[in-house]
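Any read-out appearing in this document is the output of simple, stated calculations on the displayed coordinates, not a laboratory observation. Bear in mind that the values here come from a model prediction, so they are computed numbers and not experimental data. Don't worry about glycine lacking a Cβ; one is built from the backbone with ideal geometry, like all the others, and counts go over all protein chains shown.
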Amino acid sequence: MPAARTLFDKLWDAHVVERLPDGTCVLYIDRHLVHEVTSPQAFEGLRLAGRKVRRVDATIAVVDHNIPTEGRRSGINEPESLLQIATLEKNVADFGVPYIPVLDERQGIVHVMGPEQGISLPGMTIVCGDSHTSTHGAMGALAFGIGTSEVEHVLATQTLLQKPALNMLVRVDGVLPAGATAKDIILAVIGEIGTAGGNGHVIEYAGEAISALDMAGRMTVCNMSIEAGARAGLIAPDDVTFDYIKGRPYAPKADDFAKAVAYWRTLPTDAGAHYDKTVVLDAAKIIPQVSWGTNPEAVMPITGVVPNPAAAPDAAKRDQMQRMLDYMGLTPGQKLAGTKIDVVFIGSCTNSRIEDLRAAAAVAVGKHVAHGVRALVVPGSGLVKRQAEAEGLDVIFTNAGFEWREPGCSMCLGMNPDKLTPGQRCASTSNRNFEGRQGPGGRTHLLSPAMAAAAAVTGMLTDVRELV
Amino acid sequence: MDKFTVLTGVAAPLNIANIDTDKIIPARFLKTIKRTGLGKNLFANMRYAEDGAEKPEFVLNQPKYRHAEILVAGENFGCGSSREHAPWALLDFGIRCVIAPSFADIFHGNCFKNGILPVVLPADVCEQLLADAELGTNARLSVDLARQMVVRPDGQEIHFEVDAFRKHCLLNGLDDIGLTLAHVAAIDTYETNEPAWKPVIAGV
Ligand code: SF4
C-alpha cells in the first residue's frame, strides 16, 4: 500500500518534473499570474537572453499595485506608476501574454481576479511575484510568491527549482460564534503560533470551522499564511470549492469539469498522513480580533487591553513591545475598544470580495461614518464592484458616508495615491501592520470587514457584536 | 548569464564591515523597470555628495579604480533586504567578484544567480588582498574559479572554497534558467502527459 500522503505531498508529487541529486526538484508551474511591479526586469531578462514565454496560455497579467482607485478613466498622473503600467502593456504585447487592461471590468487585485475567473483551480501549482499568492491555496492549490529572478525562470521554463517544504496542520475545531469571521480565525492563528510559527512549512487548514467557511473566507485564511511565516496555505477542495468554480470563465466545462472534479476529489490528505507540526484551535473561543502592534502576531480580542512591556519575558521582547507601543501611540493597560481612529480601509486581497463587502454593509446600513473619520471601500475587482452595485451595497456605503472606489491594492500599501499621513490611525481589513506599510508614520489595526465598518460608524475600535 | 572562468582585473579595496543592501543600492532607486543602469547609483550614498557631485575620496571615484572588476570588502557584506537590485547594481558597474571574510546569506545566493562570484577568505588573508588592492592598477588580482585560486600580484596562490554545484553553474554560464533548460526534454514530456481536461488561458 502506498504511504499515506498529505494534500501538500500530493500536489508536490504531481508537479515534480525531475528530482536532482541534491534533492532540488524541477517543479512544474500550472499558472503564472503577473503584475506590473515585479515583472519588468524579468521580461527584460528574457529579451536580453533572446528567450520566449514558454506557456503564454498558462500566464496572465493584470495591474493592481500602483493604479489609483479613483479618476482612472481620465488617465494616470503619477509618472512612475504610469511607466510601470506602460511597461507591462508593452511586455505583454511583445511576448503575447494574455492581459486584462486597466479599464476592463475584470481588472482587479491579482489574488481576487485569479479565482474569480476560474484561472486558479484545485490541484494546480500557482505562482506570482507577490507574497500573498498564498491566497489561491484556498482552492486546494499549491500557491506561493516568488522573486523577480524566479518570475523570469517561470516565464522561460514554466518550472521552478524548489526543495519541498514541511507539512503543518492547523485544525480549527468547532463552530465560530456570532460576530467572528474567517479574518478572526487567521488573526487568532497568527496570535497563537507567531509570525515565525509556519517557517519552512506549508500550512494546511482543516477542521469543522474551516470546512464551514465559504470560498471568500477560505481565501482570507490562506491569504495571511505568509504573515504566519509559512511558504503557503492550503485548504482541501470539497463541494464548496467545486460549486464556486463551476461556470467560471476559464474553468473546465461540461465533461471536462466532471473529470476535473473526479481528480480533485483524490487530493485531500489521506487518513494517517504525517504532519511535521500540528496546532489545534477551538473556534468557539474565537472572538473578533484586532492587532495592536506593528507585526501581525501582536493581536488580541477586541475585549482585551494593550499589554504591558514590563510583563515581557526578556529585555529584547520588552524593547520590541515598547517600540511598537510608541509607534502605535498606545498605552499599556488601555482598553483596545474605544481607541479613536482616523481612517477606515475596507479592501485588499485579504478582504475585498463580495462577501466581505456584504458583511461590512450589514453593519453600516442606516448608520453614518463618524465625524472626522475618512472611510474607503475598495472592491477587489471590477466584477466585485458591479455585483455590489447590483445589490445596492454602493448606495448603502455612500449614504453612510463611505468613499466607493475603483478596484486595486489601494491603501493596503503606500504605493499609490491612497496613503495614511504620519500619525493617522487606521482600522484596516488588509494583512500587514508593519511600520509605514499604509504610508509613512501611519498606524494600522488589522481587523475583519464587519469590525472595520463598526469602527467607521463609531469612530473608534469597537466590538461589532455590540452593534448588531 | 556570462561564464565565469578566470577573471584578471583591478581590485578595489572597500574595507568596511556590514555593507548592507541599502548602502549598495539605496531604496529610492528601486522603482526602476530595469536591472541594468543601476551601476551609476551603486553605493550612491557613499559615492556622491547631496548635490550629486562625486566624493573624490570614495574608492570607486578614484581614477585607478573606476574600472575595477573585483571588490575586496569587510565582513557580512550584503546584509539587509533580499532585493536583487544589489547584485544587479554591482554587475552593472562591472564588478564580477567580491572577496570578503563573510557574506549575508541571501545576497550570497543572489550573486550566483546573477553571475557574480562571492569569495570567502579568512580575515587575515583579506587584509593581504586589501593591501594588494591598495596598489591600484599596477596590481591586478586574478581569480581562477576552475582551480579555486586567487592569484596575488606576486604570483602567490590562495585557495578558496565554493559549492560544487554553484561552481559548475558559474563556469558554464548556467543561470538557473540555463540549468533548467538542460532538462527541457523532461519538461516537454511532463506537458505531453497533462490531463486533457486541464484548461488553458486563451481568448482573454
Ligand atoms: S492588496 Fe496588498 S497584500 Fe494584496 S497584493 Fe495588493 S499590495 Fe499585496
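What does the helix-only formula give at 222 nm for chain A: each DSSP H stretch with n ≥ 4 adding -39500 (n - 2.57), the total divided by the residues, and the result rounded to the nearest 500 deg cm²/dmol?
Numbers: 15 runs with 145 residues, N = 468.
Per the formula, -9000 deg cm²/dmol.
Share of Cα-Cα pairs in the range B:6-172 beyond 23 Å, in percent? Don't jump to the answer; show the numbers that get you there.
Details: 4692 of 13861 pairs.
The share of Cα pairs beyond 23 Å in the range B:6-172 comes to 34 percent.
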DSSP H helices in chain A with Cα extent of 20 Å or more along the helix axis and mean Kyte-Doolittle hydropathy at least 1.6? none
Distant-in-sequence amide H partners of B:ASN18 (H built 1.01 Å from N, under 5 Å): B:GLU75, B:ASN76, B:PHE77
What's the angle, to the nearest 10 degrees (0 to 90), between helix B:123-134's Cα axis and the longest principal axis of chain B? 70
Roughly speaking, what is the stretch gain from A:VAL365 to A:ASP276, that is 0.36 nm per residue apart minus the C-alpha to C-alpha distance, in nm to one decimal? 27.4 nm
Of all DSSP beta bridges in the protein assembly as shown, what percent run antiparallel (nearest 5)? 30
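Please arrange A:HIS15, A:HIS136, A:HIS32 by counting, for each residue, the other beta carbons lying within 10 Å of its beta carbon, fewest first. List each step's numbers first, then the result.
Working: A:HIS15 21, A:HIS136 33, A:HIS32 26.
Listed from fewest to most nearby Cβ atoms, that is A:HIS15, A:HIS32, A:HIS136.
Compute the semi-axes of the equivalent ellipsoid of the range B:102-168, taking the square root of 5 times each eigenvalue of the Cα gyration tensor, and list them largest first in whole Å. Let's see the in-between values first.
Numbers: eigenvalues 97, 36, 25 Å².
After diagonalising the Cα gyration tensor, the semi-axes are 22, 13, 11 Å.
So, R0 is 60 Å and r is the distance between the beta-carbons of A:LEU103 and B:ASN138; what FRET efficiency does that work out to, to 0.05? Kindly include the intermediate steps, with their values, before the conclusion.
On the way: r = 62 Å, r/R0 = 1.03.
Efficiency computed from Cβ-Cβ geometry: 0.45.
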Take the Cα pairs of the protein assembly as shown, get the Kirkwood Rh, then feed it into Stokes-Einstein at 4 °C and 1.567 mPa s and tell me D in µm²/s. 49
Hits in the range A:334-374: amide N under 18 Å from the 7 Å Cα→Cβ extension of A:ALA390, namely A:353-359
Over the alpha carbons of the range A:6-81, what is the largest minus smallest coordinate on each principal axis, giving the biggest first in Å? 53, 35, 23
